[in-house]
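Asks: Quick one: the structure is below, and I'll ask about it shortly.
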Amino acid sequence: MTVIKIIDAFTFYGFDVVLLAFLTALTVQLFKATFLKRVKRKLFTFLPFILGAFYYAVYAAVKNLSLAYLLDEYLSVLEHGVSVGAVATLLYVVYEQFVREKKTSSPTEGVISTLVEGYVPDGNAEEVAKLIAEAIERDVTGSGAERAFEILKENSGDDVTERDIKLLSKLIIETLAHLNAK
């Protein structure tokens, strides 16, 4: 972002909205990493807006030293709260797409991480990929698909069926076999 775009964002949204958006984005990431690990991803679509509205309401009440302000100006408070959520979502997307680098120590883990991404909760794909890759590399009995199945079953989301896990574990083994054959 250029300096002009940053200044434009502050003038369009206001300094308070941008600061609250940073707080909202950090809170959402903290929630995702701690007690909301097993929650469906659809909730995370609305969470920044809910938290943004909450944070802006608290900010507006403190700024005006009145809870009555929230009732009198509820439309303005809600509008600014949604703006906080929108900016927080934008910050998250920019971070995920341009700043954060995925940490995979091997090409095998990268392939597995890509395959399991939709089946395990956010943020756990790399960790699960590493566990599966280690299990497959140590496998001398040919039961890599079974071990991958066990790891996926322990770490998958609640909405993933056992059949899906079996198919995914077989797909991982077949994909890795195909890549290793080249």
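The values are calculated or read from the model by the stated rules, or taken from the named source; none is laboratory data. Small disclaimer: the values here were computed from a predicted structure and weren't measured. Positions of Cβ are generated from backbone atoms using ideal geometry, with glycine treated the same way; all protein chains shown enter the neighbour counts. The area values use the complete protein model at the heavy-atom level, side chains included, leaving out ligands, DNA and RNA. Shrake-Rupley method; radii C 1.70, N 1.55, O 1.52, S 1.80 Å.
Asks: Within the stretch 70-80, is even one residue under 23 Å from the mean Cα position of the chain (by Cα) and in contact (Cβ under 8 Å) with a residue 40 or more places away in the chain? Steps first, please.
Replies: Keep residues of the stretch 70-80 that are under 23 Å from the mean Cα position of the chain (by Cα), which gives none.
No, the stretch 70-80 contains no residue that is under 23 Å from the mean Cα position of the chain (by Cα) and in contact (Cβ under 8 Å) with a residue 40 or more places away in the chain.
Asks: When the stretch 130-159 is examined, which residues are found to be more than 22 Å from residue 106 (Cα to Cα), out of contact with any Asp or Glu (no Cβ under 9 Å at 6 or more places or on another chain) and at pLDDT 80 or above?
Replies: Across the stretch 130-159, the qualifying residue is only 154.
Asks: Residue 42 - would you say it is open to solvent by 60 Å² or more (accessible area, probe 1.4 Å), modelled with pLDDT of 85 or more and either touching a His at 6+ places or on another chain (Cβ under 6 Å) or among the basic types (Lys, Arg) (or both)? It would help to see each step written out before you state the result.
Replies: Working: open to solvent by 60 Å² or more (accessible area, probe 1.4 Å): yes; modelled with pLDDT of 85 or more: no; either touching a His at 6+ places or on another chain (Cβ under 6 Å) or among the basic types (Lys, Arg) (or both): yes.
Spelling it out, it is not the case that residue 42 is open to solvent by 60 Å² or more (accessible area, probe 1.4 Å), modelled with pLDDT of 85 or more and either touching a His at 6+ places or on another chain (Cβ under 6 Å) or among the basic types (Lys, Arg) (or both).
Asks: Same structure again: Based on what the data block shows, is residue 53 part of a helix (DSSP H, G or I) and farther than 26 Å from residue 123 by Cα?
Replies: The answer is no for residue 53.
Asks: Also, I was wondering about something else. So which residues in the stretch 54-71 are of a type in the set (Ser, Thr, Tyr) and closer than 19 Å to residue 85 by Cβ?
Replies: Passing the criteria: 55, 56, 59.
Asks: When the stretch 48-74 is examined, which residues are found to be buried (at least 16 other Cβ atoms within 10 Å of the Cβ) and out of contact with any Leu (no Cβ under 8 Å at 6 or more places or on another chain)?
Replies: Taking the stretch 48-74 as the starting set, the residues that turn out to be buried (at least 16 other Cβ atoms within 10 Å of the Cβ) are 48-49, 51-57, 59-60, 69-70.
If the condition is that a residue be buried (at least 16 other Cβ atoms within 10 Å of the Cβ) and out of contact with any Leu (no Cβ under 8 Å at 6 or more places or on another chain), then 48, 49, 51, 54, 69, 70 are the ones that fit.
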